[in-house]
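To start, the structure under review is shown below, and the notes come after it.
Nothing in this text is a laboratory measurement; each read-out follows from the coordinates by a stated rule. Everything quoted here is computed from the prediction, not taken from an experiment. Cβ atoms come from the backbone with ideal geometry, glycine included; neighbour counts cover every protein chain shown.
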Amino acid sequence: MRVDPDLMSRLDVAAPRYASYPTLADWNGGFEEPAWRTHLNALAQTTAPLALYVHLPFCASRCFYCGCNATVTTRAEVVDRYLSRLDHELAMVSESIGARPYVSEMHWGGGTPNFLDGSQRDRLITMLERRFRMDSNTERSLEADPRLVTRDQLEHLRDLGFSRISFGVQDTDPQVQASIGRVQPLEMVRHVVQAARDVGFRSINLDLLYGLPHQTATTFHETITHAIAMTPDRIACFGYAHVPWMRAHQWRMDEAALPDARTRFSLFAMAVQHLQAAGFQWIGVDHFARPDDVLSRAAVAGTLQRNFMGYTTRVGENLLGLGVSAISEIDGWYAQNTPELGNWQREIDAGMLSLARRHVMSDEDRSHERAIAHLMCNAELPFNLFFGSMEELLTLFAPFVSDGLVQLETDRFTVTPTGQFFLRNLCVTLDAYRAESRGGSRFSRSV
Ligand code: SF4
């Protein structure tokens, strides 16, 4: 894919990822903790599917590029104490719900969820199953660090019902790995992925990262080739966000070795081309899946959805987040738990649900959200989903038409192959909270 360099530099601005609308930075505060407790009762009244997200923030060491909410420790008792507080949080949430709702999907994210040992995993599942109904149809997934995986661990996770696993691979080149403080030999990663297949995981995702020090077209092409050869069902190819003023550990990387904006873009464009040539479908933004994967099928059928956990196939799902920094989305109300571990612990110990950010969706939010979500999931904007006048829409999208990012059809704008790279830029135009600024430094680069 050849994209005009001028166009690329004009559009390479900071833009939200639109896992929600409005984005976290624009939430309005909306309600206080007692009102949230009352609102949780909605989960007892609804037939909408429920997803659980559990944040497990612990890691054995710090990767220099890390942008996650993570805490480094080597002590099992630190995890034990966290689980005790999680149990307290679960009890408060469960009491507010006033029922034991069915969970259709559960995801453990981090941090490093496979940092938990066997008894901690058993304990966490028991805690969750005491408060929620889960069965063999509940889809269970987790993120895993290949460096900590053992065959016993994979078998245990399978026995606990996990069938989807996502491995952090990032890059397979030894020099890149050394520069980001995450050395994991290719052979070890291959072995771990194969072991997951062998024990029965039916969906395997690999996370890759472009924009890292010392990455070149040649090294990253090799990384993609290695990833394809491991035959995952999905691949996510994220752009590294260099924000050392917010994540001090990122200073440990050699800034001079970071690829410039043009190289970053060409790395991603190459990845797209390579993955598509290998039969992967570009689901949207940074996600790719095999044609027989449920995400690909939903994309073809036009039923793809997007939530805080990324692309999903479930319509109208409520999401309940547990643990430090976790995000919930329930019946039009958004809430994020406090991201600082110490504060989260103190508030849980004081018998409070620890809410740092909150938002109640307005009617206007909902109409903008429908348009943005449709664009992110279907690469098109039907005129009837636009919240303003036709004249306004034509004016907003006119520059994108002349740049070749969208095409005007009889009843919609469709995104062109070039426009696929700039989906987030298109969405910014529909974002009432930043239509003026077209982005902002709080967000990662759009490419
Ligand atoms: S394993 Fe993941 S969460 Fe932990 S430090 Fe590395 S990148 Fe961050």
*Taking all pairs of distinct alpha-carbon atoms in segment 1-155, Kirkwood radius in angstrom*: 18.5 Å
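Report, in deg cm²/dmol and to the nearest 500, the calculated mean residue ellipticity at 222 nm for the chain, where each DSSP H run with n ≥ 4 adds -39500 (n - 2.57) and the sum is divided by the residue count. Don't jump to the answer; show the numbers that get you there.
Working: 15 runs with 166 residues, N = 447.
Helix-only estimate at 222 nm: -11500 deg cm²/dmol.
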*asked:* For Ser163, project a label point 7 Å along Cα to C-beta. Then give me every residue of segment 91-114 with its amide nitrogen under 17 Å of that point.
replied: 103-108
*May I ask you to list the residues of segment 220-242 whose amide nitrogen lies under 16 Å from a point 7 Å from Cα along the Cα→beta-carbon direction of Gln273?*
220-225
*Extension gain, Asp6 back to Asn343 (0.36 nm per residue minus Cα-Cα distance, nm)*: 116.8 nm
*Just report the Cα centroid separation between segment 84-151 and segment 163-218, whole Å.*
24 Å
*Under unit Cβ charges (Lys, Arg +1; Asp, Glu -1), what dipole magnitude, rounded to 20 debye, does the chain have relative to its Cα centre?*
580 debye
*Along each of the three principal axes of the Cα atoms of the chain, give the extent in whole Å, ordering the values from largest to smallest.*
57, 51, 42
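Please report the antiparallel percentage of the DSSP beta bridges confined to the chain, to the nearest 5.
Numbers: 26 of 61 bridges.
Close to 45 percent.
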